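The structure under discussion appears below in the form of structure tokens.
We did not get these values from a lab; they are worked out from the coordinates using the rules stated. Quantities reported herein were computed from a predicted structural model and do not represent experimental measurements. Cβ coordinates were reconstructed from backbone atoms using ideal geometry, including for glycine residues, and neighbour counts include every protein chain displayed.
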Amino acid sequence: MLYYEFRPEARAKCNMQSNFRRFGGIGLTFIDFLDVDHTETVTLSQAIQNSSEEVSASQDLENEANVLFGNIQGTVVGLRYYTGVVNRGEMVSLVREPQNPYDRNAVMVANVYGSQVGHIKKELAAAMAPIIDGKLAKIEGVVPYGETNKFSMPVILSFWGKEENKNSVLNMLSRHGYKLGPSSGGKAYLSGGQTPQGFLAPSKRLNAVPLTPEQLKGAFDKLFDDLMEDKTREMEPAEAVHTPLLPHQKQALHWMTTRENNNDLPPFWEQKSNLYFNVLTNFAVRERPERVRGGILADDMGLGKTLTTIALIVSNFHNGKPLPLEKSATSDGHSKALQSKRPHEDPATVEDVEQSAVPKKKAKTTKKDKASTSKGTVLMDDLGFAAALGGLTSDGGSKKKKAKKKSSAVASLPLESSSSARATLILCPLSVLSNWLDQFEQHVRVDVKLNVYLYYGAERCRDTDFLAGQEVVLSTYNILSSDFSSKASSPLHKVSWLRVVLDEGHVIRNPNALQSRAVLNLTTERRWILSGTPIQNSLKDLWMLLSFLKLKPFDVKEWWNRVIQRPVTQGDSEGLQNLQALVKGITLRRTKASKVAGKQVVELPDRKVFVEHVTLSEEEQREYDLAKMEGRNVIGRYVKEGTVLTNYADVLAILVRLRQLCCHPRLLGSYAGTGESSTPSELRERLVSKVRLVLGSGSDEECAICLDSLRQPVITYCAHVFCRPCICEVIRSEQEHAKCPLCRSQIKTRELVEYPGEEEDSFSADGKDKWQSSSKVNALMSSLLALRGEDGSIKSLVVSQFTRFLTLLEVPLREHGFTFTRLDGSMNQKSRAKAIEEFQDASPGSPSIMLLSLKAGGVGLNLTAASHVFLMDPAWNPAAEDQCVDRCHRLGQKRDVVITKFIVKDSVEENMVKIQKKKKDLVEKAFGAKSVQDKRQSRIDDIRALMEL
DNA sequence: ACCGCCGGGTGCC
DNA sequence: ACCGCCGGGTGCC
């Protein structure tokens, strides 16, 4: 028998159901069924896993474009051989079983939890198999009634697919004598929605009024609003938190603590007599569905998500009791967080940490002694050790578990009952790493010894016992994914964590990305996502978050798609209500405008935006006009030919050039032009230079496959850029016939060219004789000089997408005696932290200006020392500008914030601002019912508008 | 399965 | 009797 990865919880469920189904839950030992059941269940869950992965990889793009071909009633047979139960109106999934020894057409039927219910009877399976295998349609099932039948039950099958495949599907079915029934009013055969009787009242569904796109957008904007009810109770943090919490932070702490400790059922689960019932899928289980211990803290940036999280860590170890912490002598107090901080910077401190905390036997005993003597404070030292052991055993030894059936059933109980986990793992983008360290230092009392270990840098300690013994381990998504992908086993994946916190958690929204998979594979009791923008582009983003939170059954894509995503994107108001309820149950979101007891959550100083129009000098204008003429000719030709997207790299290059000319004529990078290139290395060089020009300019390009920001960008020979994982998936699924999703030319994995990152460019601005200013530089300088004249203590952010522009600006800044610092994407963690620290320092002589690249660091950065922001060039994405401004317009800002946008008159920049405005109104931005085609078209429209074509 | 199907027993009413 | 009818055995793919 095949033996795949063993999942204890799957078997526990299986046992429960076998008892339930066959013996009404009356105690018969589990053992009788184990040998039969669990091997099958394991292969089964594997099969389901495989099939859903395939769908998500190759078909997901089309998913939203799928239409309902129709419904058909079929029969599920062989019920008595399996343990999976279904309820009236319950959704089931259909899984092809091509290896079935009796019938190669076999189609297996499984319930929401993945337990097999039966098979589709063979005549129908014979008709379905080629349709499923040929990916001509996706078939979904609902059991309308007859759920108590012993031998077979009816199932309503809905066929979904691309319009162009409809006829061949109908033909294939009719060849076997089947005919699709009417698709009741354009809707699938849906399960009731709220009751098992829902099926009996399908007319109710027909009356559901579909929402208009505008209503949908409105509903979406409101999705996270009004989440405040019942979330206004406050909780005081543990003593160890030094900073007093604001009322809304105490509310968040109470809410988070409650979410970690309480026993509420997850959303949409109800208890009915002795069963637990999911009202959306109509699935029921006898055992209590595992609650979601955690959720999404989606407060606006600046409301103190970091502080609240620190308070949670310290205040809710178990059941609302604070984390037991050793008090350290005040004289030694400074070592609190510092001792474990940045070990790669200071090897000496690493030694210190390891000696005191690594559980080498000797160190351990001394620590225990200390614990037993320290007054009242229990140091739960060995718990961490046990947790690490637990992690190890659950990892290996699956074969043994098979032999020791009964005991493993006990071991498969949820962690919480016997939890020994102590440590919280915090993952964040590199840019906010130092912020976390600062905040721990700032907010935790000096005389409390909280072990915060920074798992970062080449010298990081990989000892799992040591890691599990910390109170907090802080690391980045990059470190986690590189550990996860390396051959050696990943230490962070071996620890059983008390809690995992994903800071800026929306970064895991692309399920293809390595870091997403790495995060999903962590073992933890409680899970939190911190994100000011949980949904970036589309509803799909939310799925990954739910998947991380293990919100059953939505962690499985099929159920998410069927129950939430498709209904919502198709404008079903009930679907939207469900989504709303779902989000409400697990999210806390306040904006700066939210009110607590009638008072604004945060009283922030004013913020004003001024647009300063810049007029180019005659010479600059001449150069710009020339470039614009050329560009219009080229792009105009592409538009006429309909080849804008085929030549997208050229188009972007032209646009970048114009934007650069608006800033400074010397910004122009080397550009290899559009001519023919003969040798592969020349071609490669050209591709790289094109893409470098575009990506290096700071424009936030998206991958046309995941429609998300590029990760690990690669360039195809046809000069289109995608995330490596995304395009590789396309090539893998289409094999030799793989075509570029943008221009349909042939692509091959080995022809993908890696984007080498920012050029170490020889470009410098020091040669004074060569220096010349530009109109925009002049505009900035006169503003800065005037500001210095008014009030020398004012600090400013000077923001551009072009790092070269920042470099150019250094010259006049020096010339006029400004002290400045700089933060851009090319800097490592250490120099970033230094730049921020210097800038935030208020003492005289500290820098008054920070040169900031728009994309550097993304959100979370705290630059409250600045109260003026100069946006040197407009961004494609207005949200990026807002985020940038929010770095100083946030909690801690004392002055009114003044934002100055420099826009060159009659240029692409002005057109970009127009497009920005339009985009803000666009429904598309709100929710992703928009197809890839539409997105492509709107890109072309944008370009035409920019070039006034 | 209170079915359909198979195959053996049986054969006026 | 190369049928019909009866009733027991049986049952996914």
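Summary table below
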{"item": "3J(HN,Hα) from dihedral phi, the range A:238-249, Karplus parametrisation 6.51/-1.76/1.60, rounded to Hz, x for glycine, proline", "result": "5, 3, 5, 7, 7, 6, x, 8, 6, x, 5, 6"}
{"item": "Whole-Hz ³J(HN,Hα) from phi, Karplus 6.51 cos²θ - 1.76 cosθ + 1.60, for the range A:828-843, glycine and proline x", "result": "7, 4, 5, 6, 4, 4, 5, 4, 5, 4, 4, 5, 6, 5, 8, 5"}
{"item": "Cα centroid separation, the range A:848-890 to the range A:247-309 (Å)", "result": "34 Å"}
{"item": "Net length gained if the chain between A:Thr615 and A:Val67 were fully extended (0.36 nm per residue, minus Cα distance)", "result": "192.0 nm"}
{"item": "Placed amide H near A:Leu851: partners under 5 Å, 5+ positions off or other chain", "result": "A:Val798, A:Thr821, A:Arg822, A:Leu823"}
{"item": "Three semi-axes of the equivalent ellipsoid, the range A:768-929, Cα gyration tensor, whole Å, largest first", "result": "26, 20, 15"}
{"item": "When each of A:Lys640/A:Lys901; A:Lys487/A:Lys834; A:Lys305/A:Lys584; A:Lys894/A:Lys917; A:Lys628/A:Lys739 is checked by Cα-Cα distance, pairs over 23 Å", "result": "A:Lys640/A:Lys901; A:Lys487/A:Lys834; A:Lys894/A:Lys917; A:Lys628/A:Lys739"}
{"item": "Spin-label pair A:Thr232/A:Leu520, simplified geometry with 7 Å Cα→Cβ offset, distance in nm", "result": "4.0 nm"}
{"item": "Sequence ranges A:241-254, A:463-476, A:593-606, ranked by mean other-Cβ count within 10 angstrom, highest first", "result": "A:463-476, A:241-254, A:593-606"}
{"item": "Rough spin-label spacing in nm, given labels placed 7 Å along Cα→Cβ, for A:Arg462 and A:Ser681", "result": "3.6 nm"}
{"item": "Nonlocal amide H pairs with A:Phe317, under 5 Å, H built at 1.01 Å", "result": "A:Leu323"}
{"item": "Selected from A:Ala298, A:Gly320, A:Tyr276, residue furthest toward positive end of dipole (the range A:269-330; charges at beta carbon)", "result": "A:Tyr276"}
{"item": "Fully extended contour minus Cα-Cα distance, from A:Glu790 to A:His242, at 0.36 nm per residue", "result": "193.6 nm"}
{"item": "Karplus (6.51, -1.76, 1.60) ³J(HN,Hα), θ = phi - 60°, over the range A:433-449, in Hz, Gly and Pro reported as x", "result": "4, 5, 4, 4, 4, 4, 5, 4, 5, 6, 9, 9, 4, 4, 8, 10, 9"}
{"item": "Distance (nanometres) between label positions extended 7 Å along Cα→Cβ at A:Ser782 and A:Asn100", "result": "8.0 nm"}
{"item": "Sites A:Ser482 and A:His816 - FRET efficiency at Förster radius 41 Å, r taken between beta-carbons, to 0.05", "result": "0.40"}
